[in-house]
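What follows is a set of notes on a single structure, which appears directly below.
The values are calculated or read from the model by the stated rules, or taken from the named source; none is laboratory data. Predicted, not measured: the structure shown is a model, and the values here were computed from it. Ideal geometry is used to build each Cβ from the backbone, glycine not excepted, and the neighbour counts take in all protein chains shown. Side chains are part of the model used for accessible areas, which takes the heavy atoms of the whole protein and leaves out ligands, DNA and RNA. Shrake-Rupley method; radii C 1.70, N 1.55, O 1.52, S 1.80 Å.
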Amino acid sequence: MAGLWHRTLPDLLGSAKSGSLLSLAIVLFRALLLVGAASLPIFMRKTYTQEASASALKAHGWDAIFQMFHDLVTLDYFFITVAVLVVGAPKLLDAWRRAGGRSDRRLAYKYFVGAVRRLPIGAPHGGLMTVEASLREVLEALRHEVCELIGDVSGKVTEASLLVFCDAAGRKMEVLVRTDTSQPTRRPVDSYKLQAYYVGTDGRWMIEHEFGRGRGTPFKPMRATVPGVPAPYKSILFIPIVVSDPGTSTRGQTPDPAAAIDRCIGVVCVHSEVPYRFWRWGDHRQRMGGFGNVVFERASPYIAFVAHTLRGRAHEVALFNRRDDRANSDGSQQNRVGSS
């Protein structure tokens, strides 16, 4: 019901905001005016001709109006329906044409090309400072790509940020870049305070439909990287940036793709101020996947670019659900300390 109210109904009404009683009342009132305008010629014909029934002619006020509704025949309903279609069809065609535009995606590609052009060529020296401008460009491209999917035409309620680890043990994380440049970055926070940390070390994307507002959640709707500020966002898509190294086979020192070691190098968070933006009707029937898979696939080129840019510059932390404790006992102990 929450997804129906916050996502499906606004999509049907052509709005990026959640449904409200006022918006629903306005839509019903507009529909009533449309049907009334289409029905007016029928009522006028029945009123000033001999087709009105004797009971309708004797009635007065509202009773006369209700009696005319009661006296409508099949032909009257047919003409009313035709009138509604004649008036409403052009508006529906205009809305369909506007929805078919791809301006947001072209804008996303524009930022993506800018990110590629800003990517430094050569060895990964100089640290993360040298690639911040390029990463901000690719986050802008990703934001516009996601805005097209979730129906945020204005792009004013959707932002993206990139979190990276501050140390090899993963004890602290910080926001490296944001699309919202008015917010601060580079503020290290204990990793256990961030939901992005747990999603990142799990290695699988995750969606929060109402961040910090569900029952039993340990995370409150507050910003950890900006102390004392309530989180304006409700819908969050967490995308871990996972990189892999080929492991060595047990029979020798040759690389073995089957023994690859996966690590998290950062987490991209795309968040919206409106709840249930990463949800579509039908997701409630699926245990996993749904619309999240669609968004993740569209975001994969940008995530691959971020992974390539961060490689050799950012710290990498082993995944909890895939690591081998016997082969990485030292790193595992450090990670456990960081998550406690």
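Restricting attention to the range 128-143, the residues being open to solvent by less than 10 Å² (accessible area, probe 1.4 Å) and β-branched (Val, Ile, Thr) number 2. Flag set for Ala224, criterion: open to solvent by 30 Å² or more (accessible area, probe 1.4 Å), more than 18 Å from Leu310 (Cβ to Cβ), free of Cβ contacts under 8 Å to residues at least 60 places away in the same chain and among the hydrophobic types (A, V, I, L, M, F, W, C). Evaluate the range 90-108: report whether one residue or more is closer than 26 Å to Arg143 by Cα, at pLDDT 75 or above and either in the same structural domain as Leu40 (by the TED database) or in contact with a strand residue (DSSP E or B) (Cβ under 9 Å, 6 or more places away or on another chain) (or both). Among the residues of the range 90-108, at least one is closer than 26 Å to Arg143 by Cα, at pLDDT 75 or above and either in the same structural domain as Leu40 (by the TED database) or in contact with a strand residue (DSSP E or B) (Cβ under 9 Å, 6 or more places away or on another chain) (or both), which makes the answer yes. Under the condition of being surrounded by 15 or more Cβ atoms within 10 Å (Cβ to Cβ) and either out of contact with any Gly (no Cβ under 7 Å at 6 or more places or on another chain) or free of Cβ contacts under 8 Å to residues at least 24 places away in the same chain (or both), the residues counted in the range 144-164 number 14. For the structure I just gave you, tell me whether Arg187 is part of a loop (DSSP other than H, G, I, E, B), under 17 Å from Glu316 (Cα atoms) and out of contact with any Gly (no Cβ under 9 Å at 6 or more places or on another chain). Here the answer is no, as Arg187 does not meet what is asked.
When the range 203-217 is limited to residues that are closer than 21 Å to Ile239 by Cβ and loosely packed, with under 14 Cβ neighbours inside 10 Å, the one that is farthest from the chain's Cα centre (by Cα) turns out to be Thr217.
In the range 35-54, the residue that is nearest to Arg277 (Cα to Cα) out of those that are open to solvent by 60 Å² or more (accessible area, probe 1.4 Å) and at pLDDT 75 or above is Val35.
Yes or no, residue by residue, for (1) open to solvent by less than 60 Å² (accessible area, probe 1.4 Å); (2) under 17 Å from Ser161 (Cβ atoms); (3) of a type outside the set (A, V, I, L, M); (4) in contact with a Cys (Cβ under 8 Å, 6 or more places away or on another chain):
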| position | (1), (2), (3), (4) |
| --- | --- |
| His284 | no, no, yes, no |
| Ser300 | yes, no, yes, no |
| Ala307 | yes, yes, no, no |
| Gly312 | yes, no, yes, no |
| Leu319 | yes, no, no, yes |
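Here Thr225 passes the criteria (1) modelled with pLDDT of 90 or more; (2) in contact with a strand residue (DSSP E or B) (Cβ under 6 Å, 6 or more places away or on another chain) except the one numbered (1).
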